[in-house]
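Read the structure below first, then the notes.
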Amino acid sequence: MAELQFFTGTMDSGKSTLALQTNHNHAARGRAGRIFTSHDRAGQALVSSRLGLTHDALEVDEDFDFWRYVVDELTHGARIDYLICDEAQFYSGRQVEDLAKVVDELQIDVFAFGILSDFRTALFAGSRRLVELADRMHVLQVEALCWCGKRATHNARSVDGVMVVEGEQVVVGDVEGDDPDAAVPEVVYEVLCRAHHRRRMTAARARAVSMVAEPLPFA
Ligand SMILES: Nc1ncnc2c1ncn2[C@@H]1O[C@H](COP(=O)(O)OP(=O)(O)O)[C@@H](O)[C@H]1O
Ligand SMILES: Cc1cn([C@H]2C[C@H](O)[C@@H](COP(=O)(O)O)O2)c(=O)[nH]c1=O
């Protein structure tokens, strides 16, 4: 019985890696699949993992029609057993509804991967519709950690080193690397626990605050 499954976690939690592993495992068993992505950091029509894995993919823009694409492929004799849908947070609600229709009417498995909420902690449209429609939802077990050591649950955006909660919802970017000499891009993401996201306390701000010398008590 085909299913619509949604695999979610914060940024940097292993979603794209799992997407490519899922594709590999199903293809290794002779199943025929298609891989989709949207706004991948590595560029157009590519799924990339920070582990260095990449795979060609079909780019989903706002006009992409999953139902029409799959029906056209099947009509022309292609076999499709499953769809891998990465960066699904960027899909529209209608596109997610079409993925559910592909599962129900064509018995094709759909594996969707994406973050739940944006830098303001608001659900993305595609993620919201996946939560509403998926047969099964999985939170990835590779836990990304806040700088304080707690499990990270939210994605923070910093612009020029300052955490922001205003701006465009879609800004493609990455979490800051661990190379201290690497140039820091203008927009950087960081995964935080809820408390530190609410306090706007990024790792950089925590370091700065901790470095302020406590006034010595007068002798
Ligand atoms: N060099 C590495 N060796 C092992 N794991 C890594 C390495 N670099 C990143 N990772 C892990 O890979 C995951 C990020 O991979 P990715 O699939 O790109 O995540 P996502 O798509 O969720 O942003 C994280 O869980 C991180 O811990
Ligand atoms: C929080 C947040 C993220 N994004 C972008 C940044 C990345 O390009 C992707 C997430 O990719 P990942 O594989 O999960 O790391 O989403 C955004 O556009 N807006 C946001 O608020």
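Some values worked out for this structure:
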{"read-out": "In the stretch 1-15, the residues that are closer than 16 Å to Arg151 by Cα and either among the polar types (S, T, N, Q) or more than 9 Å from ligand 1 (Cβ to nearest atom) (or both)", "value": "Thr8, Thr10, Ser13"}
{"read-out": "Matching residues in the stretch 93-141 - criterion: being closer than 21 Å to Val172 by Cβ, among the small types (Gly, Ala, Ser) and touching a strand residue (DSSP E or B) at 6+ places or on another chain (Cβ under 8 Å)", "value": "Ala112, Gly114, Ser117, Gly126, Ser127"}
{"read-out": "Residue in the stretch 76-95 that is touching a His at 6+ places or on another chain (Cβ under 7 Å), of a type outside the set (Gly, Ala, Ser) and within 16 Å of ligand 2 (Cβ to nearest atom) present", "value": "yes"}
{"read-out": "Unique match (being aromatic (Phe, Trp, Tyr), in contact with a strand residue (DSSP E or B) (Cβ under 7 Å, 6 or more places away or on another chain) and in contact (Cβ under 8 Å) with a residue 24 or more places away in the chain) among Phe90, Phe36", "value": "Phe36"}
{"read-out": "Test for His55: is it in contact (Cβ under 8 Å) with a residue 12 or more places away in the chain and more than 30 Å from Cys193 (Cα to Cα)", "value": "yes"}
{"read-out": "Test: residue in the stretch 180-195 that is within 14 Å of ligand 2 (Cβ to nearest atom), under 17 Å from the mean Cα position of the chain (by Cα) and among the acidic types (Asp, Glu)", "value": "yes"}
{"read-out": "Candidates Leu74, Leu51, Leu18, Leu99 - the one that is within 10 Å of ligand 1 (Cβ to nearest atom) and assigned to a helix (DSSP H, G or I)", "value": "Leu18"}
{"read-out": "Test: residue in the stretch 26-45 that is among the aromatic types (Phe, Trp, Tyr) and within 16 Å of ligand 1 (Cβ to nearest atom)", "value": "yes"}
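No value in this document is a laboratory result; all are computed from the given coordinates. Please read all numbers here as calculations on a predicted model, not as lab measurements. Here the Cβ is made from the backbone with ideal geometry for all residues, glycine too, and neighbour counts use every protein chain on show.
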